[in-house]
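Peer 1: Take a look at the following structure, please.
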Amino acid sequence: MAKTPFKIFEFLEDISASLTDLAARELSVLKALKKREEGDFPFGIEDLLYYIKRFQEQQFDLDFGAIKQYFPVNLVLSGVFKIFQDLLGLRFEEVGDPKVWHRDVRLFKVFDLSSGESLGYFYLDLYKREGKYSQTCVVALQNRSLCNKNICQMPVVMLIAQFQNDTDSHPGLLRFSEVVNFFHEFGHVIQHICNRASFVRFSGLRVDPDFVEIPAQVFENWCYESLSLKLISGFYQEELCKSLRRWRYGFSALKLKQEILYSLFDQIIHSADNVDVVELFKHLHPKVMLGLPMLEGTNPATCFPRSAIGYEASCYSRIWSEVFATDIFTSKFRDDLLDPDVGMKFRNKVLAPGGAKDPVKILTDFLGREPSVQAFIDSRMDHSLL
Ligand SMILES: [Zn+2]
């Protein structure tokens, strides 16, 4: 989607510069907290995550252990189903007695609500068990393709999660992070099924790597809105919802700067030969991290974020997706989270073309203008506590 490294450098530097003032305010709060707790020791990069956590513990009345009890798996599942079905004009029907690899696994068939056309199948393998693959992810089992005029190969996809199953005395409960993750992964399931590209090469999740996460990132936003929280939880309080939103954006400018640092590093080492990685980090670190030097005697390049491994030169794509997902959510969905007209437009214009159409054109077509970084910057500014 980005097409050139120049565009990526420009994007990262633009976001970084826009967040500098906010990041500086965040840093001074953390420095003051360290001074209160430890006295006159200099603040280093090694203090960052620790003091963010300390500050959030002191400021937010959020007990994630207690919040968990409001998210029983079955309630979350029915809420998520309702949101996706109502919003995107879909109908899910459980297939009775499917041939599956374990009794916990469920199979669903997806239909277009108005025409009744079958669109595809998804398996849910949600619960932890011994010997099971231990990640939460979506696996494309079969991509859609058009074999001839009237015959279509159905998309089939599977979602694997690691939820705690019900026991005799307790229902299975989800941590809030698992709820967000489930929304995200289920977004990929729907993306896979709603992709109408005619060729396997472009259907399912086979779209540009810096575009593939955008729809799932858009759907994550429903987890922080009162209306949808009500649908997916057994309890709901406006105050809790506000706290979750504040927590989501807490110190986001500093955290983003750190991610931008790695993304710039990743772009540079994959754009030039014979780079001295230690020197490069030494140079980039204070430049991006508001003067904070790299921790002496370490080599941060050896602990690259796990999410970036195997995605050489595309580390930027996580921020990239979040930025454009925020643009989509803010301008089209935020004011009416369940508007079926907007949902249908999203399905037809963003999900349906898949990899067969240029992603910038896809987003421009849906938004009615070119995608912009502004909504993302504003969201960080608006929700900042500082
Ligand atoms: Zn994803």
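Peer 1: Can you name every residue in region 315-373 that is in contact with an Asp or Glu (Cβ under 7 Å, 6 or more places away or on another chain), closer than 25 Å to Tyr262 by Cα and among the β-branched types (Val, Ile, Thr)?
Peer 2: Ile319, Val373
Peer 1: Kindly indicate whether any position in region 329-339 is over 26 Å from Ile8 (Cα atoms) and open to solvent by less than 30 Å² (accessible area, probe 1.4 Å).
Peer 2: Taking every residue of region 329-339 in turn, at least one turns out to be over 26 Å from Ile8 (Cα atoms) and open to solvent by less than 30 Å² (accessible area, probe 1.4 Å).
Peer 1: Take the residues in region 187-241 that are part of a helix (DSSP H, G or I) and either at positive phi or among the β-branched types (Val, Ile, Thr) (or both), then tell me which one is surrounded by the fewest Cβ atoms within 10 Å (Cβ to Cβ).
Peer 2: Filtering first and then ranking leaves Val200.
Peer 1: Something else: Of everything in region 210-229 that's closer than 30 Å to Asp358 by Cβ and among the aliphatic types (A, V, I, L, M), which residue is farthest from the ligand (Cβ to nearest atom)?
Peer 2: Val218
Peer 1: Restricting to region 122-164, give me the number of residues that are touching a Phe, Trp or Tyr at 6+ places or on another chain (Cβ under 7 Å) and open to solvent by 60 Å² or more (accessible area, probe 1.4 Å).
Peer 2: The qualifying residues number 1.
Peer 1: Looking at Asp112, Asp97 in this structure, which one is open to solvent by less than 50 Å² (accessible area, probe 1.4 Å), out of contact with any Pro (no Cβ under 7 Å at 6 or more places or on another chain) and free of Cβ contacts under 8 Å to residues at least 60 places away in the same chain?
Peer 2: That would be Asp112, the only listed residue that is open to solvent by less than 50 Å² (accessible area, probe 1.4 Å), out of contact with any Pro (no Cβ under 7 Å at 6 or more places or on another chain) and free of Cβ contacts under 8 Å to residues at least 60 places away in the same chain.
Peer 1: Here is a follow-up. Any residue at all in region 357-366 that's open to solvent by less than 30 Å² (accessible area, probe 1.4 Å), under 21 Å from Ile190 (Cβ atoms) and charged (D, E, K, R)?
Peer 2: No, region 357-366 has no match at all.
Peer 1: Does any residue of region 161-176 turn out to be of a type outside the set (A, V, I, L, M, F, W, C) and modelled with pLDDT of 95 or more?
Peer 2: Yes, some residue in region 161-176 is of a type outside the set (A, V, I, L, M, F, W, C) and modelled with pLDDT of 95 or more.
Peer 1: Here's a follow-up. For the list (1) surrounded by 14 or more Cβ atoms within 10 Å (Cβ to Cβ); (2) more than 25 Å from His383 (Cα to Cα), I need the number of the one condition that Tyr51 fails.
Peer 2: For Tyr51, the exception is condition (2).
Peer 1: Sticking with this one: Would you please name the residue that is nearest to His192 (Cα to Cα), looking only at residues in region 76-94 that are under 22 Å from the mean Cα position of the chain (by Cα) and open to solvent by 30 Å² or more (accessible area, probe 1.4 Å)?
Peer 2: Top of the filtered list is Gln85.
Peer 1: Would a scan of region 302-314 turn up a residue that is open to solvent by 40 Å² or more (accessible area, probe 1.4 Å), more than 30 Å from Val29 (Cβ to Cβ) and either touching a residue at least 24 places away in the same chain (Cβ under 8 Å) or in contact with a Ser or Thr (Cβ under 9 Å, 6 or more places away or on another chain) (or both)?
Peer 2: Yes: region 302-314 contains one or more residues that are open to solvent by 40 Å² or more (accessible area, probe 1.4 Å), more than 30 Å from Val29 (Cβ to Cβ) and either touching a residue at least 24 places away in the same chain (Cβ under 8 Å) or in contact with a Ser or Thr (Cβ under 9 Å, 6 or more places away or on another chain) (or both).
Peer 1: Still on this structure: Taking the options Glu296, Glu322, Glu370, name whichever one is without any contact (Cβ under 8 Å) to a residue 24 or more places away in the chain, assigned by TED's automatic domain parsing to the domain that holds Leu48 and either in contact with a Leu (Cβ under 9 Å, 6 or more places away or on another chain) or surrounded by 14 or more Cβ atoms within 10 Å (Cβ to Cβ) (or both).
Peer 2: Just a single option satisfies the conditions, and that option is Glu370.
Peer 1: When you scan region 123-143, do you find a residue that is in a strand (DSSP E or B), more than 20 Å from Val95 (Cα to Cα) and not polar (S, T, N, Q), even just one?
Peer 2: Among the residues of region 123-143, at least one is in a strand (DSSP E or B), more than 20 Å from Val95 (Cα to Cα) and not polar (S, T, N, Q), which makes the answer yes.
Peer 1: Scan region 159-192 residue by residue and report those that are farther than 16 Å from Leu229 by Cβ and away from the ligand (no atom under 15 Å from the Cβ).
Peer 2: Across region 159-192, the qualifying residues are Gln162, Phe163, Gln164, Asn165, Asp166, Thr167, Asp168, Ser169, His170, Pro171, Gly172.
Peer 1: Would a scan of region 251-263 turn up a residue that is more than 22 Å from Lys53 (Cβ to Cβ), away from the ligand (no atom under 16 Å from the Cβ), open to solvent by 50 Å² or more (accessible area, probe 1.4 Å) and in a helix (DSSP H, G or I)?
Peer 2: Scanning region 251-263, I find no residue that is more than 22 Å from Lys53 (Cβ to Cβ), away from the ligand (no atom under 16 Å from the Cβ), open to solvent by 50 Å² or more (accessible area, probe 1.4 Å) and in a helix (DSSP H, G or I), so the answer is no.
The values are calculated or read from the model by the stated rules, or taken from the named source; none is laboratory data. All values reported here derive from a predicted model rather than from experimental measurement. Positions of Cβ are backbone-derived with ideal geometry, glycine not excepted, and every protein chain shown enters the neighbour counts. Heavy atoms of the whole protein, side chains included, go into the accessibility calculation; ligands, DNA and RNA do not. Shrake-Rupley method; radii C 1.70, N 1.55, O 1.52, S 1.80 Å.
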